[in-house]
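Structure record follows, encoded as structure tokens.
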Amino acid sequence: MSFLRKLFGGGGDEPAAPEASEEYEGFQIVAAPTGQGGQYRLEGRIERQVEGELRVHHLIRADLFQSLDEATQFTIRKAKQVIDEQGDRLFD
């Protein structure tokens, strides 16, 4: 069955990789790249407590990387760029 799934493209993405997090400018960045066809997609979350409520912005890009470490590093880098550009407007 696995052979047919691969042959015809069924089965979806691979399980998510372990998450890595980092605090930046009062935001919590959670890098959670997902496996896809032997590569890892840039994916994560930007979180912040706003008036006692946890607000979350999901970050997903088309970028694919060969290694989990590289995908995690670029997810954190991209999240920092988004925070610098948009700040609290992320949650509007």
Matching strands (runs of 3 or more DSSP E) fully within the chain where at least 1 residues are at pLDDT below 95: 20-24, 34-36, 39-50, 53-65
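Working only within the range 62-73, note down all residues that are within 9 Å of residue 31 (Cα to Cα) and touching a Leu at 6+ places or on another chain (Cβ under 7 Å).
From the range 62-73, those within 9 Å of residue 31 (Cα to Cα) are 71-73; that's our starting set.
Matches in the range 62-73: 71 only.
Look at residue 59 and say whether it is within 14 Å of residue 31 (Cα to Cα), in contact with a strand residue (DSSP E or B) (Cβ under 9 Å, 6 or more places away or on another chain), among the aliphatic types (A, V, I, L, M) and free of Cβ contacts under 8 Å to residues at least 60 places away in the same chain. Give the derivation first.
On the way: within 14 Å of residue 31 (Cα to Cα): yes; in contact with a strand residue (DSSP E or B) (Cβ under 9 Å, 6 or more places away or on another chain): yes; among the aliphatic types (A, V, I, L, M): yes; free of Cβ contacts under 8 Å to residues at least 60 places away in the same chain: yes.
So residue 59 passes the test.
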Scanning the range 36-46 residue by residue, the ones that are surrounded by 16 or more Cβ atoms within 10 Å (Cβ to Cβ) and free of Cβ contacts under 8 Å to residues at least 40 places away in the same chain total 7
Boolean, residue 89 is in contact with an Asp or Glu (Cβ under 9 Å, 6 or more places away or on another chain) and charged (D, E, K, R): no
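Could you check the range 41-92 and list, in sequence order, the residues that are touching a Gly at 6+ places or on another chain (Cβ under 7 Å) and under 16 Å from residue 19 (Cα atoms)? Walk me through how you get there before you give the answer.
First, the residues of the range 41-92 that are touching a Gly at 6+ places or on another chain (Cβ under 7 Å): 48, 59, 75, 79.
Listed by number, the residues that qualify are 59, 75, 79.
The values are calculated or read from the model by the stated rules, or taken from the named source; none is laboratory data. Quick caveat, the model's predicted, so the values are computed rather than measured. In this analysis, Cβ positions are derived from the backbone assuming ideal geometry, glycine residues included, and neighbour counts consider all displayed protein chains.
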